[in-house]
1. What is the residue count in segment 1-13 for residues that are open to solvent by less than 70 Å² (accessible area, probe 1.4 Å) and either at positive phi or out of contact with any Lys or Arg (no Cβ under 9 Å at 6 or more places or on another chain) (or both)?
2. Determine, yes or no, whether Arg29 is assigned to a helix (DSSP H, G or I), out of contact with any Leu (no Cβ under 6 Å at 6 or more places or on another chain), surrounded by fewer than 19 Cβ atoms within 10 Å (Cβ to Cβ) and among the basic types (Lys, Arg).
3. Mind checking which residues of segment 89-110 are at pLDDT below 70 and open to solvent by 80 Å² or more (accessible area, probe 1.4 Å)?
4. Could you check how many residues of segment 48-74 are over 16 Å from the mean Cα position of the chain (by Cα) and at pLDDT below 90?
5. For Ser78, are the conditions met, namely being of a type in the set (Ser, Thr, Tyr), open to solvent by 50 Å² or more (accessible area, probe 1.4 Å) and modelled with pLDDT under 75?
6. State all residues of segment 50-65 that are open to solvent by 50 Å² or more (accessible area, probe 1.4 Å) and either of a type in the set (Val, Ile, Thr) or assigned to a helix (DSSP H, G or I) (or both); if no residue qualifies, say none.
7. With the structure loaded, tell me whether Val132 is at pLDDT 75 or above and surrounded by 19 or more Cβ atoms within 10 Å (Cβ to Cβ) or whether it fails that test.
Amino acid sequence: MRIVKDPDTRKQEILLGALKVFSQKGYDRTTITDIARELGISQGLCYRYYASKEAIYDAALEDYANYIATANLKRFKSDKRSFKEKIRSFSGAMKEYRKPETDNEQLYELFHGENSQKLHDQLMMKVASKLVPHIAAELQRAKDNGEIHISDVGAFAYFFVYGQLGMLIGEADHKDCAKRIQDTLIEMLQL
């Protein structure tokens with residue numbers, strides 16, 4: 001008997017099933033057939049909602065990056081703290097930054113499992129792209145409040161986000177790295 005589900009429910013079901021298979025078999029070894037088999041549905045139904053395995057992965061990447069960025073921005077959003085205090089709470093805080101990543105075991109396994117460096121790097125770049133506009137807005141507020149004096153807020157927002165990302169991916173000692181990032185940003189912004 002055919003079960004008809006709400007399209008959004010079915011799409012989410014396929015996404016979650018795919019993530020389970022991706023985390024078990026690895027992205028490269030997973031096929032649409034594997035995903036359909038996991039869910040007990042036809043391949044055609046998978047293709048009705050997602051054009052390809054890559055489209056499913058892209059949807060998962062987008063959702064996970066949104067979740068991570070939103071969770072991390074909560075530590076940085078405008079409040080009564082000075083911009084210097086915000087930098088100390090946001091920049092280079094690996095333990096706090098990684099916390100939202102561990103909330104979904106399947107996604108964490110997919111992006112942090114064995115042989116997943118490429119997927120992880122894609123995730124981090126996607127998260128960074130989501131952070132830049134928010135950091136630019138915070139930099140503009142700090143500039144408007146006279147806390148910082150930089151001419152190109154947009155360019156500095158990219159440096160702020162992608163510069164940290166590069167250091168955090170490349171550094172083995174994240175504790176020392178976090179302090180170096182914070183101190184450098186505070187020095188550059190003359191806070």
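The values are calculated or read from the model by the stated rules, or taken from the named source; none is laboratory data. Please read these numbers as outputs of a predicted model, since none were measured by experiment. A quick note on method: Cβ atoms are made from the backbone with ideal geometry, for glycine too, and the neighbour counts reach across all protein chains shown. Note: areas computed on protein heavy atoms with side chains; ligands, DNA, RNA excluded. Shrake-Rupley method; radii C 1.70, N 1.55, O 1.52, S 1.80 Å.
1. The number of residues fulfilling the criteria is 0.
2. No; evaluated as a whole, the condition is false for this residue.
3. Within segment 89-110, Lys95, Glu96, Arg98, Lys99 meet the criteria.
4. 0
5. yes
6. Within segment 50-65, the subset open to solvent by 50 Å² or more (accessible area, probe 1.4 Å) is 51, 54, 58, 62-63.
Of everything in segment 50-65, those that are open to solvent by 50 Å² or more (accessible area, probe 1.4 Å) and either of a type in the set (Val, Ile, Thr) or assigned to a helix (DSSP H, G or I) (or both) turn out to be Glu54, Asp58, Glu62, Asp63.
7. Numbers: at pLDDT 75 or above: yes; surrounded by 19 or more Cβ atoms within 10 Å (Cβ to Cβ): no.
Answer is no for this residue.
Okay, residues lined up against (1) over 22 Å from Met124 (Cβ atoms); (2) in contact with a helix residue (DSSP H, G or I) (Cβ under 6 Å, 6 or more places away or on another chain):
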| site | (1), (2) |
| --- | --- |
| Leu16 | yes, no |
| Asp28 | no, no |
| Glu38 | yes, yes |
| Arg48 | yes, no |
